[in-house]
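Every read-out reported here was derived from the displayed coordinates using simple, explicitly stated rules and does not represent laboratory data. Note that the structure is a prediction, hence the values are computed from the model and not measured. Positions of Cβ are generated from backbone atoms using ideal geometry, with glycine treated the same way; all protein chains shown enter the neighbour counts.
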Amino acid sequence: MSDERAAGSMRRVAVSGVGAVSGLGWGTGPLWEGLRSGRTAIRPFCRFDGSLHRTHLAAEVPMGSPPEPAERRLTMADRFAVFAAREAMGQAGLEVPFDSQAADLETGVWFGSSTGGMFESERFFHRFVSDRRRSRLGDLAAQQVNGPGDAVARDLGVGGPVQTVSSACSSGALALGAALDAVRSGSVDVAVAGGSDSLCQLTYAGFNALRSVDEGPCLPFRAGRAGMSFGEGAAVLVLEPLERALARGVTPLAELVGAGSACDAHHMTAPDPSGAGAAAALTAALADAGLPADAVDFVNAHGTGTPLNDAAEWQALRLVFGERARTIPIVLTKAILGHLLGSAGAIEAVVTVLCLRHGELHPAPGEVPGAAQTGDHDALPAFLVLDRPHSLPAARTAVSTSLAFGGSNAALVFSRWSNGLAGGLKSGSS
Amino acid sequence: MSEVIAVPNRIKRLIVESLHLEGIQPEMIEDEAPLFGEGLGLDSVDALELVVALEKEFGIKIKSQELGREVFSSVSSLSQFIAGRT
């Protein structure tokens, strides 16, 4: 245990690397380039036969482009996770011990997933029924929701705490919150935190049965929004004490300055329309960061595109930001990547970091650049970033929200890193 | 005699087909090479699948874990076990 840990002071936490796999491709390069284009990755997909479902689109990860991790037992979600973790560790300048002799006890993994190896389990049952000789027990054995996080730990040789959070669509954000606590408290030196989920029939059919899926690409916060769109992929953030990153000569991409969560305690799938639970999560995250609501320069909204989510989320933003909610730029990542479910909070965290880093907010597809659609009754009167990137070089602080089934709400607060001036340090928090 | 010689090849084909080993041809598996850990590098899930496939193909029963460990050490030990039973 280092002296710093023994002192028990709250450590500032740097994001020293990010990695991602999404419908835009393998890596954060294609992710950022694709997001900036404002063109959606939601389109017809081929992972499984979706012809019997009510809707037929998803932002599917393109296969076979860069080399994918190829361990035999890895599920699709595992492969996404391992790729994203390697990318993030590489960017952080941390050695990836592919052939490590001893596990690294100072590093932990916190991962979110909603369905883990469900796609492979479905393949097992399909073959078991249609052509038993082709069914593979390995597919069934891969169903655990902890698969992606465990695969990352194996691949990186992580010997510290390895934990999976599965709390539907806030899993990724909650995992990041847990990782933040672990780095702050000094229980680990490095946290590999994120989430991974792959397309599968369970969620595809489930959300369709709930009539929560838009037949076209989703239109979060927009007039005519009729539901969410599916996505898949993984995202990983490497978190470590700010001082440690600086001592290693690494330039932090951002600081993770706060996390908060709160439950609606309202309904199995529907959000509390008052937005009170989501607002409580946002308020808790800002309090954790030691920042007032006024400090927030933009919001990466959960913004699924379902009429119920977006209306409740808008109420939450109104509760937290008051009249200013109408003028804070809102980034709608799901309009391009679809909904990554248990990985959504993680990839939207990566996107938020990239937006802060580049001083630019990525657009969602749309005709109206930046303007509120106040004339339309259905549209929420918010400042949506649409059509083209929105330059915001002075942005210092951003929040990302994740609002899940069961009313599980989470929010993360990130601050831009600029030569020690990043905000959000809780005063007198030692 | 020709029956006995054929058994190893049938086992090899079964291993590759039932475990869906991509990039491996039956003839690439050596008779004496270990199947698990080193050698072919199969794991415990493979073992389970292989037991089921061999039981079906050859009508054998592996009654104890100790016996299983011995019998499943290589293609050669498997074929001897099967030859002794048929």
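Annotation: average projected area of region A:134-227 is 9.1 square nanometres, based on the convex hull of Cα atoms across all directions. From most to least packed by mean Cβ count within 10 Å, the peptides A:72-81, A:308-317, A:341-350 give A:341-350, A:72-81, A:308-317.
Could you tell me the calculated FRET efficiency between A:L105 and A:E71, based on Cβ-Cβ distance and R0 = 35 angstrom, to the nearest 0.05? That pair, A:L105 with A:E71, gives E of 0.95. With contacts taken as Cα pairs under 8 Å at a separation of at least 6 residues, chain A carries a relative contact order of 22 percent. Each Cα pair under 8 Å and six or more residues apart adds its sequence gap; the mean of these over the residue count of region A:94-184 is a relative contact order of 43 percent. In this Cβ point-charge picture (+1 for Lys and Arg, -1 for Asp and Glu), chain A has a dipole of about 420 debye about its Cα centre. Overall shape: prolate for region A:210-362, with the ratio a/c of the largest to smallest alpha carbon gyration tensor axis at 1.5 or above and a/b above b/c.
With the simple model of a label 7 Å out from the Cα in the direction of the Cβ, B:K56 to A:D387 spans 6.0 nm. For region B:7-86, the relative contact order works out to 38 percent when only alpha carbon pairs closer than 8 Å and six or more residues apart are counted.
Dividing the summed -39500 (n - 2.57) terms of all DSSP H runs of n ≥ 4 by the residue count of chain A sets its mean residue ellipticity at 222 nm at -9500 deg cm²/dmol. Computed from the alpha carbon positions, the gyration tensor of region A:74-223 leads to an equivalent ellipsoid with semi-axes of 30, 22, 12 Å, biggest first.
Highest mean packing first, where packing is the average number of other Cβ atoms within 10 Å per residue, the peptides A:180-187, A:42-49 line up as A:180-187, A:42-49. Working from the Cα coordinates of region A:82-152, the gyration tensor eigenvalues give, after taking √(5λ), semi-axes of 32, 13, 11 Å in decreasing order.
For chain B, complete DSSP H runs whose alpha carbons reach 20 Å or more along their own long axis and whose mean Kyte-Doolittle score is 0.0 or higher are B:2-18, B:44-58.
Stretching the chain fully between A:R54 and A:R324 yields a gain of 93.3 nm (0.36 nm per residue, less the alpha carbon separation). By the Cα gyration tensor, the protein assembly as shown has an equivalent ellipsoid whose semi-axes, rounded to whole angstrom, run 46, 27, 18 from largest to smallest. Taking label positions 7 Å along the Cα-Cβ direction at both A:S37 and B:D31, the computed distance is 5.8 nm, reported to one decimal.
For A:S408, neighbours were defined as the other residues whose beta-carbon sits under 13 Å from its Cβ, and their charges (Lys and Arg +1, Asp and Glu -1) total -2. Can you give me the Cα centroid spacing of region A:276-301 and region A:203-257 in angstrom? After rounding, the separation between the Cα centres reads 17 Å. Bridges between two residues of region A:12-416, per DSSP, are antiparallel at a rate of about 60%. In region B:2-85, the alpha-carbon atoms span a convex hull of 86 Å³ per residue. Calculation over all alpha carbon pairs of region A:288-355 in 5 angstrom steps from 0 returns a P(r) of 4, 15, 25, 25, 21, 9, 1 percent.
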